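Working notes, structure below.
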Amino acid sequence: MSKRLIIGNWKMNPPTLAEAKRIIRSTRTVAAILEHTDVVACPPYTYISSCISKKSHIVSIGSQAVSIHGGGAHTGEVSAGMLNDMGVQYVILGHSEQRAAGETDEIISKRIIATLEAGMIAVVCVGEKVRDEQGAYLDILKDQIKHTFAGVPSKYAKNVVIAYEPVWAIGAQEAMIPEQVYETSLFVKKVFSDIFSQESAMKVKVLYGGSVNFRNAGDIIRVGKVDGLLVGRESVNIPGFKELLKAVDVVVL
Ligand code: PEP
């Protein structure tokens with residue numbers, strides 16, 4: 001069995017570097033005792049270098065953003081090459097908060113390619129905004145995935161992780177029910193298979209994200225049968241994330 005992958009999206013948190021250091025230290029301490037789980041932390045840019053440890057690779061570090069450009073006159077941007085040079089291994093792309101701020105599928109596709117060309121893993125977020133009884137959301141989801149991956153060479157499919165994040169479940173009170181997580185993650189894999197290949201779809205990790213906490217994480221893995229989780233708020237809550245990681249690690253399928 002390949003290891004489960006838990007990615008913490010810290011978003012624009014915590015407010016100080018001292019707190020960021022506390023969170024990464026605690027995450028590392030728990031990650032060190034896990035047997036079946038790989039852990040990635042994605043802090044804001046400004047904390048990345050302090051969160052990367054030259055001595056310990058127990059927690060991998062990801063970025064929450066990357067430029068489509070390789071370098072030059074692009075004020076405020078950070079390139080994939082720069083991130084990779086610092087030791088960043090993952091980049092979260094296509095997050096609904098970025099999509100809501102105007103990021104298009106076309107731009108996301110360029111960011112994915114920049115990330116993959118630099119040798120990092122692209123964590124690509126997809127998910128419907130709403131669910132309707134008739135199932136139109138499935139077509140919307142399919143189109144979104146197809147457009148997001150448009151132009152991404154199939155040789156890179158092995159370096160992609162998909163984070164299925166129904167937008168309505170992000171930052172909400174409740175996560176999606178695990179049975180729906182199971183059904184929809186299978187659908188996502190099917191679309192990935194249509195875009196790349198069946199072999200790529202068998203290998204791609206599909207994570208679930210949206211209001212995961214230490215109470216529901218185990219069931220989402222057990223019943224939802226996903227390969228891991230993308231965790232927002234709970235990833236910067238030291239006691240909660242600690243319990244979440246332990247709960248995921250003990251699930252036996
Ligand atoms: C996210 O923003 O990717 C996320 C899953 O957030 P939360 O866990 O807070 O719903």
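None of the figures in this text is laboratory data; all of them are computed from the coordinates on show. Here the structure is a predicted model, which means the values were calculated and not measured. A quick note on method: Cβ atoms are made from the backbone with ideal geometry, for glycine too, and the neighbour counts reach across all protein chains shown.
Cross-link partners for K190 among the aspartates and glutamates, with Cα-Cα distance under 20 Å and sequence neighbours closer than 8 places in the same chain left out: D105, E128, D139, D143, E165, E179, E199, D227.
Looking at this model, which pairs from K55/K246; K54/K205; K203/K225; K3/K155; K155/K205; K146/K189 are more than 18 angstrom apart at the alpha-carbon? Write out the running numbers ahead of the final one.
Working: K55/K246 23 Å; K54/K205 27 Å; K203/K225 14 Å; K3/K155 22 Å; K155/K205 16 Å; K146/K189 12 Å.
Listed pairs above 18 Å: K55/K246; K54/K205; K3/K155.
Under the simplified labelling scheme, the A100-T46 pair shows an inter-label distance of 2.2 nm, with each label point 7 Å from Cα along Cα→Cβ. Residues considered: I195, I177, I145. Largest GNM mean-square fluctuation over the chain, using C-alpha springs under 10 Å, is found at I177.
Largest mean-square fluctuation among V130, V88, V66, in a Gaussian network model of the chain whose springs join Cα atoms under 10 Å apart, belongs to V130.
Length gained on full extension, R222 to D85: 45.7 nm, using 0.36 nm per residue less the C-alpha separation. Residue order for R25, R222, fewest other beta carbons within 10 angstrom first, comes to R25, R222.
How big is the gap, in Å, between the Cα center of the stretch 40-85 and the Cα center of the stretch 164-212? Between the Cα centre of the stretch 40-85 and that of the stretch 164-212, the gap is 25 Å. Taking other Cβ atoms within 10 Å as a rough exposure proxy, E128, E179 sort from fewest to most as E179, E128. Across T184, T27, T16, mean-square fluctuation computed from a Gaussian network of the chain (C-alpha pairs under 10 Å connected) peaks at T16.
Exposure proxy shown here: for R233, R4, the number of other Cβ atoms within 10 Å sets the order, fewest to most, as R233, R4.
What is the stretch 4-249 by shape, rounded, prolate or oblate, if you read a ≥ b ≥ c off the alpha carbon gyration tensor as root eigenvalues and call it rounded for a/c under 1.5, prolate for a/b larger than b/c, and oblate otherwise?
oblate
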